[in-house]
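Student: Got a structure here, written out as structure tokens. Questions coming.
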Amino acid sequence: SQSIFSEVKQSIGLSLPLIVTFLVQSSSSFVGTIMLAHLGTNALAAGAIVGGIYMTIVVFLFGLLAAVSVLVSQSYGAKDHEGVSFAASQGFIVSLMVTVPMAIAIWFSPLVLKWTGQNPAIVSLSAYYLHALVFGIIPLGFAVVMEQFLIGIGKTKLVLFVSLMEVPMEIFFCYVLIFGKFGFPRLGIAGLAYGFAIVFIIVTVILWAITHYGNHCRQYHIFSHV
């Protein structure tokens, strides 16, 4: 019974930061929707359409790259540093192979919206939003791989820490670019996507620094097989 209690305690210790991470990350989308509501009904409708397209792509991306944490954890448990490095490095390659076609699909998806007979004004706003989203897809894929690597070696609190930094930045940049604050241009609905893209790039750099220089990460050299 002591062994079972210990395993449950370890599982909770690993999973609880991830649960909180997902809750924190979902809050930025909620706040973004509120911001779009201030731009009018067409912007809100376009945001709903693009949100559905984007979430479908993101769920597929996360589902595919979640394999990185499984492979990393297997090698980590076996104390196979080379296996950890190889699994994470291959994750970057797979991410690039997937996100490039995704970015192309997102760029041309407004054509599909036209074929479905959507309101031209909403299609136009959706196009601005979708084209801006393209810039964040590849950095997002790399960030997911590094987060999955951290999950695989049991550093879920680091993932939570990054998420706690990420959400305030998303809210700030989206607000500034949507409404044109602090001297920045008013980009409207596209500002939401550009805000996310900027934060994805910043988060990717932060995660690179953590995985490349962190005391518990640098010995794995996760970029050595890329």
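The values are calculated or read from the model by the stated rules, or taken from the named source; none is laboratory data. Just so we're clear, the structure is a prediction, and the values are computed from it rather than from any experiment. All Cβ positions, even for glycine, are placed from backbone atoms using ideal geometry, and neighbour counts span all protein chains on display. Just so you know, the surface numbers come from the protein's heavy atoms only, side chains and all, with ligands and any DNA or RNA stripped out. Shrake-Rupley method; radii C 1.70, N 1.55, O 1.52, S 1.80 Å.
For every residue, the table says whether it meets (1) over 25 Å from G191 (Cα atoms); (2) in contact (Cβ under 8 Å) with a residue 40 or more places away in the chain; (3) of a type outside the set (V, I, T).
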{"residue": "V58", "(1), (2), (3)": "no, yes, no"}
{"residue": "L65", "(1), (2), (3)": "yes, yes, yes"}
{"residue": "L111", "(1), (2), (3)": "no, no, yes"}
{"residue": "L125", "(1), (2), (3)": "no, yes, yes"}
{"residue": "H131", "(1), (2), (3)": "no, yes, yes"}
{"residue": "G136", "(1), (2), (3)": "no, yes, yes"}
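Student: Only one residue in P139, P101 is modelled with pLDDT of 90 or more and open to solvent by 60 Å² or more (accessible area, probe 1.4 Å), so which one is that?
Tutor: On inspection, the qualifying residue turns out to be P101.
Student: Which residues, taken from region 162-177, are open to solvent by 30 Å² or more (accessible area, probe 1.4 Å), within 11 Å of G32 (Cα to Cα) and either in contact with a helix residue (DSSP H, G or I) (Cβ under 7 Å, 6 or more places away or on another chain) or modelled with pLDDT under 85 (or both)? Spell out how you get there, then give the answer.
Tutor: Step one: filter region 162-177 for residues open to solvent by 30 Å² or more (accessible area, probe 1.4 Å), giving 164-165, 168-169, 171-173, 175.
Those still in the list that are within 11 Å of G32 (Cα to Cα) too: 171-173, 175.
I171, F173, Y175 - these are the residues of region 162-177 that are open to solvent by 30 Å² or more (accessible area, probe 1.4 Å), within 11 Å of G32 (Cα to Cα) and either in contact with a helix residue (DSSP H, G or I) (Cβ under 7 Å, 6 or more places away or on another chain) or modelled with pLDDT under 85 (or both).
Student: Right, another one. With the structure loaded, tell me whether G51 is in a helix (DSSP H, G or I), in contact with a Ser or Thr (Cβ under 9 Å, 6 or more places away or on another chain) and modelled with pLDDT of 75 or more or whether it fails that test.
Tutor: So G51 passes the test.
Student: G191: part of a helix (DSSP H, G or I) and in contact with a Phe, Trp or Tyr (Cβ under 6 Å, 6 or more places away or on another chain), yes or no?
Tutor: No.
Student: Six or more apart or on different chains, Cβ under 8 Å: which pairs go from a residue in region 206-226 that's in contact (Cβ under 8 Å) with a residue 40 or more places away in the chain to one that's surrounded by fewer than 16 Cβ atoms within 10 Å (Cβ to Cβ) and among the charged types (D, E, K, R)? Could you list them?
Tutor: From region 206-226, the pairs are T211/R218.
Student: Consider region 195-226. How many of its residues are open to solvent by less than 30 Å² (accessible area, probe 1.4 Å), assigned to a loop (DSSP other than H, G, I, E, B) and closer than 12 Å to M146 by Cα?
Tutor: Matching residues across region 195-226 total 2.
Student: Here are some residues: V159, V123. Which one is surrounded by fewer than 24 Cβ atoms within 10 Å (Cβ to Cβ), modelled with pLDDT of 85 or more and of a type in the set (V, I, T)? Talk me through it step by step, then tell me what you get.
Tutor: Values: V159 fails: modelled with pLDDT of 85 or more.
Testing whether each residue is surrounded by fewer than 24 Cβ atoms within 10 Å (Cβ to Cβ), modelled with pLDDT of 85 or more and of a type in the set (V, I, T) leaves just V123.
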